[in-house]
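What follows is a set of notes on a single structure, which appears directly below.
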There are 2 protein chains.
Amino acid sequence: MLTERQLLILQVIIDDFIESAHPVGSRAIAKKEVIPYSAATIRNEMADLEDLGFLEKTHSSSGRIPSEKGYRYYVDHLISPNILHQEGNVIKHMIQDGFFEFEQIVQMSAEVLSKLTNYTSIILGPEIFETKLKQIQIIPLSVSTAVAILVTNTGHVEHRAFSIPEEIDSSDLEKMVNILNDQLHGVPILQLAEKFNAGIEAMMQKYVSDLNNSYQHLKGAFLQDHPVKLYIGGKSNMLMQPEFNDVDKIRAFYTMIENEDEIVNLLKQSSEGIKVSIGQENDVAAIKDLSLITAAYHLGEGQMGTIALLGPTRMEYRKVISLLSILSNEMTDVLYTRYKDED
Amino acid sequence: MLTERQLLILQVIIDDFIESAHPVGSRAIAKKEVIPYSAATIRNEMADLEDLGFLEKTHSSSGRIPSEKGYRYYVDHLISPNILHQEGNVIKHMIQDGFFEFEQIVQMSAEVLSKLTNYTSIILGPEIFETKLKQIQIIPLSVSTAVAILVTNTGHVEHRAFSIPEEIDSSDLEKMVNILNDQLHGVPILQLAEKFNAGIEAMMQKYVSDLNNSYQHLKGAFLQDHPVKLYIGGKSNMLMQPEFNDVDKIRAFYTMIENEDEIVNLLKQSSEGIKVSIGQENDVAAIKDLSLITAAYHLGEGQMGTIALLGPTRMEYRKVISLLSILSNEMTDVLYTRYKDED
DNA sequence: GTTAGCACTCATTGCTTTCGAGTGCTAATG
DNA sequence: CATTAGCACTCGAAAGCAATGAGTGCTAAC
């Protein structure tokens, strides 16, 4: 168990390093106001903290830097979530004001988050599957092409152009759309495929004269993959971090960040609440020298997505955790009141 | 005027440098099969070419690299557009096959282009203003919100959520939409605002009982800015170029490439055909050590947009020019046949 | 238990030296 | 007279080396 003094010193060292990015030496610590001990005392404590695995040296006569274990302890025990009135208000205003489309909120959030922190923000979702179908439209473009439009209760709009057989007649098309809207209104997007394959085709046959393969086209248009939306903000913020002063590291980072699949997988496993993964704690090899903080946001009961911040292990954990917690709560809030009791 | 031999040597030097990125010396040139002269002769010619401004030295005893004037001469006189059967087919297939929406074509083009070249591709457009309105839809989400959807003849879909006064009744909304579709079908997007402000409001007053401010909301939803769409592919390709072996250059590049406004301005001034801007020839300071190749593509008569490739001045001009020319022709072709005679 | 003092370590910086690729010039050559 | 061989010279890059200084660990004194 760590003594009070050790806790204090560990905290001061980590705070200092997070700010300066330079290994911190005993003299610098001893000079701080909160530290009433001499450099020599600090040196002894630092040596102990190193033995315990919380600190490291970059070389035998350098100052100390936090180890990953040190950061872990810091995150778990040493940071009291500080209140960010300023930033909190920015976020609240942004989210409450004037936006009606989910995607705008999300996109904007990613940008604000990366601006406030100078790290890279990643937002996953909304998981469209948990939203419900509001309405379907088909708009003919020419004799052989049309665009299918699908609107969800969250104001999300998907569209896709598709080809239609020339024979089909516009009143038939209209009938089909009517039947679809009738049958599918309020159905979760997740279950669309199911419903499409269930009774709808048979039902259409009754009303639409020459069904042939137009139903297949239509089905194809609506059952396109709904790709998981990924918003990344502040990719180039990393370039400003001193740990990215090396071209190879930059290359590695950009190679990783542009591989969307990997990132989606990374965030998908995220759980309830706020989760901090420091360096090696990350499963994905490409970010084993970075830290990832994730927070889930919700729509009603179903989890909908994840907000994350990616930065160096030397991260402003306190600030980032506060911001993420504010933002995820706000998003959950807005989403809940806005879309919950409408169908 | 350059002699035949000087032309040959200049060409070989530039080709070599484009490939290797290293200053090329007289010995290396003399060894090439096409060169029947000794290194000493080459040295003399190189000195002359340097005096003429086509070559430069990086330091007094280094090999030569092309000057910007050298590249300019090379582009204007020394490259015969080579035939890229392989890549040309890739592009043709990609564009002709299976895509119905303009944006997909454009996006895909940007990606293919950057993959084929290893430079950064930028595609501007389509200039939505030159396309025509196909249909308008309004889909209520809740008592107080709705989403407005606008479809153009190119299959482009814009949508925006907006708030509606609670009093308005859904049959009125329907009437309004009907009137709008009636009046606005086939109208170029550019003229939408004009039409909206002209007779439409008066006309609506006749049919819709309680118009109050719902028309204003509606107008607002449809007259949103239609932002110029910008597609950038292969941003991180630059990291692989040896001229970006320096963190500062990388920072400068990313700062520039993420400033979309500047890029839009850069490409907007582009003219007919293919245009090559080498280094200092560029108006924008941020790319004065890069080269930019732009090509216009069209829909019918109206110019619609610009495809561009951005790379180091040491660029594979021959390949890039061929690719851009193929791609812009294909795009123009597809767009013309697909959307021209439908309205 | 705390601290002052001191020898020791090691990254960083700046200075030389060496090495080699490449040049420019001169003189020889067909 | 154009071409080429030969050679001294230049300069960047890499390697070696000493000086500097921030920081440590340890011991002895308070």
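Some observations on this one:
- Any pair with Cβ under 6 angstrom, 6 or more apart, that starts in the stretch B:158-178 at a residue that is within 11 Å of another protein chain (Cβ to nearest Cβ) and ends at one that is in a loop (DSSP other than H, G, I, E, B) and open to solvent by less than 50 Å² (accessible area, probe 1.4 Å): B:R160/B:Q224; B:A161/A:E101; B:A161/A:G155; B:S163/B:S144
- Condition check for A:Q137 on (1) open to solvent by 20 Å² or more (accessible area, probe 1.4 Å); (2) more than 28 Å from A:K275 (Cα to Cα); (3) free of Cβ contacts under 8 Å to residues at least 12 places away in the same chain: one failure, at (3).
- Residues of the stretch B:252-303 that are among the polar types (S, T, N, Q), touching a Lys or Arg at 6+ places or on another chain (Cβ under 9 Å) and not in a helix (DSSP H, G or I): B:N282, B:S291, B:T294.
- Boolean, B:L290 is surrounded by 19 or more Cβ atoms within 10 Å (Cβ to Cβ) and either in contact (Cβ under 8 Å) with a residue 60 or more places away in the chain or away from chain A (no Cβ under 14 Å) (or both): yes
- Among the residues making up the stretch B:39-57, those that are more than 10 Å from DNA strand C (Cβ to nearest atom) and either open to solvent by 30 Å² or more (accessible area, probe 1.4 Å) or small (G, A, S) (or both) are B:L52, B:G53, B:E56.
- Test result for B:R318, among the basic types (K, R), surrounded by fewer than 18 Cβ atoms within 10 Å (Cβ to Cβ) and not in a strand (DSSP E or B): no
- Verdict on A:K69 being assigned by TED's automatic domain parsing to the domain that holds A:T294 and among the charged types (D, E, K, R): no
- Tally, over the stretch A:29-38, of residues that are among the hydrophobic types (A, V, I, L, M, F, W, C) and within 11 Å of DNA strand C (Cβ to nearest atom): 2
- Scanning the stretch B:258-273 for residues that are surrounded by fewer than 18 Cβ atoms within 10 Å (Cβ to Cβ) and in contact with a helix residue (DSSP H, G or I) (Cβ under 9 Å, 6 or more places away or on another chain), we see that the one that is farthest from the other protein chains (Cβ to nearest Cβ) is B:G273.
- The set of residues from the stretch B:231-251 being assigned to a helix (DSSP H, G or I) and either buried (at least 17 other Cβ atoms within 10 Å of the Cβ) or facing chain A (nearest Cβ under 10 Å) (or both) comprises B:K235, B:S236, B:N237, B:M238, B:L239, B:M240, B:F244, B:V247, B:D248, B:K249, B:I250, B:R251.
- Condition met for B:S114 (in contact with a strand residue (DSSP E or B) (Cβ under 7 Å, 6 or more places away or on another chain) and open to solvent by less than 20 Å² (accessible area, probe 1.4 Å)): yes
- Among the numbered conditions (1) in the same structural domain as B:V320 (by TED's automatic domain parsing); (2) modelled with pLDDT under 80; (3) hydroxyl-bearing (S, T, Y), the only one that B:S170 does not meet is (1).
- For A:P165, the requirement of being modelled with pLDDT under 85 and surrounded by 12 or more Cβ atoms within 10 Å (Cβ to Cβ) is met.
- Remark: pairs (first residue in the stretch A:16-40, away from chain B (no Cβ under 14 Å) and farther than 15 Å from A:K57 by Cα; second residue near DNA strand D (Cβ under 7 Å from one of its atoms) and open to solvent by 50 Å² or more (accessible area, probe 1.4 Å); Cβ separation under 6 Å; 6+ apart in sequence or on different chains) = A:A39/A:R27.
- Selected residue (only one of B:S60, B:S80 is open to solvent by 50 Å² or more (accessible area, probe 1.4 Å) and either among the charged types (D, E, K, R) or within 11 Å of DNA strand C (Cβ to nearest atom) (or both)): B:S60
The values are calculated or read from the model by the stated rules, or taken from the named source; none is laboratory data. Remember, predicted model here, so these are calculated numbers, not experimental data. Ideal geometry is used to build each Cβ from the backbone, glycine not excepted, and the neighbour counts take in all protein chains shown. Surface areas here come from the heavy atoms of the whole protein model, side chains and all, with no ligands, DNA or RNA. Shrake-Rupley method; radii C 1.70, N 1.55, O 1.52, S 1.80 Å.
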